[in-house]
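Engineer: Okay, here's the structure, questions in a sec.
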Amino acid sequence: MAAPSTEASLPPVLADAVRDDASLRRFLHGLPGVDQVGVEQRAAGLGTRSIKKAAKLWAIDTAISMVDLTTLEGADTHGKVRSLAAKARRPDPERPEVPRVAAVCVYPDMVATAVKELEGTGVHVASVATAFPSGRSSLKVKLEDTAFAVDAGAAEIDMVIDRGAFLSGRYGQVFDEIVQVKHACGDAHLKVILETGELATYDNVRRASWLGLLAGGDFIKTSTGKVSPAATLPVTHVMLQAVRDWHTLTGELRGVKPAGGIRSTKDAIKYLVAVHEVAGPEWLTPDLFRFGASTLLNDLLMQRRTQLDGHYSGPDYVTVD
């Protein structure tokens, strides 16, 4: 197995886990099982929490600052990416105090356009890679895909794991691919997409989360947004537990990105509550938590206006994606 860049700093129990295929399998299958009823009940319970008006405005602004504003369609054009970049820079043109989003996420061939439009703004450019969304290609192609995006200026890479290999128990193969993609990223941050909707069980989500962390992922991400179900609160709870436990063992902070299906302010606030309660308040920053979304931002902007103006502002008052 390839050595992750973090191996030298891993505590003995984790360094031993990545020594070889057998050790990795033993570690992943030795993780505590997820209590399905318990995690779903806790997610549902935290989802009913109400927050006061002042806290809601803070939550909306925090969520806006965590958005990876995304367009990943076959019909994407450079003009659409330029429009998306303009919205990322100034989400509500009439309200300059509204925070910028965290990043714009595009396909590799659109990275250069996004980089040009966002230069000097503090908004990162993220690119999917590694034969997104299926991950069905050779390692050579996946690494070339990553290098192409990085060379074009991507500051973040969202890779997909080989779910077929993972579900077949070929954990070493998945691990090695992540390690090599991480190396190809250079200084770019790596988000590891687990595609949790295809993993079938919470135990598999936990194993895949730890696999991504052990291999050097800076973030673990739920989904491509192309498979249903995409992000769910219980799955995100399991992933937040993983980064929390990783921090306890290593002292390192790693991030989580739910993506796909999060469309409303109400939903976003539920995720922020989960972050605070499961991982901890230090994760309430774009450096450690992101929303992968294309339509969420519009609802956040409309609800923000409602909070400030005292009446509902419809979509006519915000730019349409």
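The values are calculated or read from the model by the stated rules, or taken from the named source; none is laboratory data. For clarity, every value in this text was computed on a predicted model and none was experimentally measured. Neighbour counts are summed over all protein chains in view; Cβ atoms, including those assigned to glycine, are modelled from backbone coordinates with ideal geometry. For the accessible areas, the whole protein counts, side chains as well, though only heavy atoms, and no ligand, DNA or RNA atoms are used. Shrake-Rupley method; radii C 1.70, N 1.55, O 1.52, S 1.80 Å.
Engineer: In nm, to one decimal, how far is the residue 97 label point from the residue 20 one, both placed 7 Å along Cα→Cβ?
Structural biologist: Inter-label distance under the simple model: 6.2 nm.
Engineer: Given Cα pairs under 8 Å that are at least 6 residues apart, what percent is the relative contact order of the stretch 103-224?
Structural biologist: 23
Engineer: Could you sort 282, 252 by their accessible area in this structure, using a 1.4 Å probe and putting the largest first?
Structural biologist: Largest to smallest exposure gives the sequence 282, 252.
Engineer: Would you mind calculating the gained length between residue 48 and residue 9 on full extension (0.36 nm times residue separation, minus the Cα-Cα distance), in nm to one decimal?
Structural biologist: Using 0.36 nm per residue and subtracting the Cα-Cα distance, I get 10.1 nm.
Engineer: Considering only the other residues whose Cβ falls under 15 Å of the Cβ of residue 41, what net charge follows from Lys and Arg at +1 and Asp and Glu at -1?
Structural biologist: Charge balance in the 15 Å sphere: 0.
Engineer: For the chain, go through all pairs of different Cα atoms, get the mean of 1/r, take its inverse, and jot down that Kirkwood value in Å.
Structural biologist: Taking every pair of different Cα atoms in the chain, averaging 1/r and inverting gives 19.8 Å.
Engineer: For a quick check: with amide H placed at 1.01 Å from N, whose amide H comes under 5 Å from residue 34's, ignoring anything fewer than 5 positions away on the same chain?
Structural biologist: Excluding prolines and chain starts, which carry no amide H, the hits are 203.
Engineer: Which links in 56/87; 56/226; 52/80; 87/142; 80/221 stretch past 27 Å when you go from one Cα to the other?
Structural biologist: 56/226; 52/80; 87/142
Engineer: In whole Hz and in residue order, list the ³J(HN,Hα) couplings for the stretch 113-122 that follow from phi through the Karplus curve 6.51 cos²θ - 1.76 cosθ + 1.60, θ = phi - 60°; x for Gly and Pro.
Structural biologist: Karplus values, whole Hz, x for Gly and Pro: 5, 5, 4, 4, 6, 10, 4, x, 9, x.
Engineer: Once both axes come from the Cα atoms, what is the angle between helix 78-89 and the longest principal axis of the chain, in degrees from 0 to 90, rounded to 10?
Structural biologist: 80
Engineer: Once the principal axes of the Cα atoms of the stretch 1-78 are found, what is the range along each, listed largest first in whole angstroms?
Structural biologist: 50, 44, 28
Engineer: What is the local net charge at residue 126, summed over the other residues whose Cβ is closer than 13 Å to its Cβ (Lys, Arg +1; Asp, Glu -1)?
Structural biologist: Summing Lys/Arg as +1 and Asp/Glu as -1 gives 0.
Engineer: Going by alpha carbons, how many degrees (0 to 90, nearest 10) lie between the helix axis of 202-214 and the longest principal axis of the chain?
Structural biologist: That helix lies at roughly 80 degrees to the long axis.
Engineer: Rounded, prolate or oblate: which fits the stretch 46-196 when a ≥ b ≥ c are the square roots of the eigenvalues of the alpha-carbon gyration tensor, with rounded for a/c under 1.5 and prolate only if a/b beats b/c?
Structural biologist: Here the stretch 46-196 falls in the oblate category.
Engineer: Still on this structure, I have one more. Setting aside same-chain residues fewer than 8 positions from residue 116, which aspartates and glutamates have a Cα under 15 Å from its Cα?
Structural biologist: Residue 116 reaches 151.
Engineer: For the pair residue 227/residue 37, report the inter-label distance in nm, with labels modelled 7 Å from Cα in the Cβ direction.
Structural biologist: Between residue 227 and residue 37, the label points sit 2.8 nm apart.
Engineer: Another one. Using the basic label-point model (7 angstrom from Cα toward the beta carbon), what is the residue 248 to residue 80 distance in nanometres?
Structural biologist: Rounded to a tenth, the inter-label distance reads 4.4 nm.
Engineer: Semi-axes, largest first, in whole Å: what does sqrt of 5 times each Cα gyration tensor eigenvalue give for the stretch 103-188?
Structural biologist: Its equivalent ellipsoid spans semi-axes of 26, 11, 10 Å.
Engineer: What is the percent carbon and sulfur in the accessible area of the chain, measuring with a 1.4 Å probe over the protein chains and ignoring ligands?
Structural biologist: 52
Engineer: Still on this model: Compute the label zone of residue 29 within the stretch 170-197: residues whose backbone N is under 12 Å from the point 7 Å along Cα-to-Cβ.
Structural biologist: Correct set: 170-171.
Engineer: Here's a follow-up. Before anything else, pin down the relative contact order of the chain: Cα pairs under 8 Å, at least 6 apart, normalised by residue count, whole percent.
Structural biologist: Relative contact order comes out at 19 percent.
Engineer: Could you work out the longest stretch of the chain that avoids the trypsin sites (Lys or Arg not before Pro) located in DSSP loops with at most 15 other Cβ atoms within 10 Å?
Structural biologist: 53-135
Engineer: Are there any GluC sites (Glu not before Pro) in the stretch 24-96 that are in a DSSP loop and have at most 13 other Cβ atoms within 10 Å? List them by number.
Structural biologist: 73, 94
Engineer: Hey, another quick one. Leaving out ligands, DNA and RNA but keeping every protein chain, what accessible area does residue 138 have, in Å² rounded to the nearest 10, with a 1.4 Å probe?
Structural biologist: In the full protein context, residue 138 sits at about 60 Å².
Engineer: Compute, for residue 134, the solvent-accessible surface of its heavy atoms (probe 1.4 Å) with the complete set of protein chains present, and express it in square angstrom to the nearest 10.
Structural biologist: The value for residue 134 is about 50 Å².
Engineer: May I pose another question? Could you name the aspartates and glutamates in cross-link range of residue 53, using Cα to Cα under 13 Å and dropping any fewer than eight places away on the same chain?
Structural biologist: Within the straight-line limit of under 13 Å, residue 53 reaches these aspartates and glutamates: 61, 309.
Engineer: Here's another thing I want to ask about it. Around residue 255, which amide H atoms from residues at least 5 apart in sequence, or from another chain, sit under 5 Å from its own amide H, with H modelled in the peptide plane?
Structural biologist: 219, 220
Engineer: Within the stretch 168-185, find all residues whose amide N lies under 18 Å from a label point positioned 7 Å from the Cα of residue 134 along Cα-to-beta-carbon.
Structural biologist: Backbone N within reach: 168.
Engineer: Where only protein heavy atoms count, and the probe is 1.4 Å, what is the accessible area per residue for the stretch 100-240 in Å²?
Structural biologist: 32
Engineer: What are the residues whose amide H is under 5 Å from the amide H of residue 195, where those residues sit 5 or more places off or on another chain and H is modelled from the backbone?
Structural biologist: Here the answer is 223, 224, since their amide H atoms fall under 5 Å of that of residue 195.
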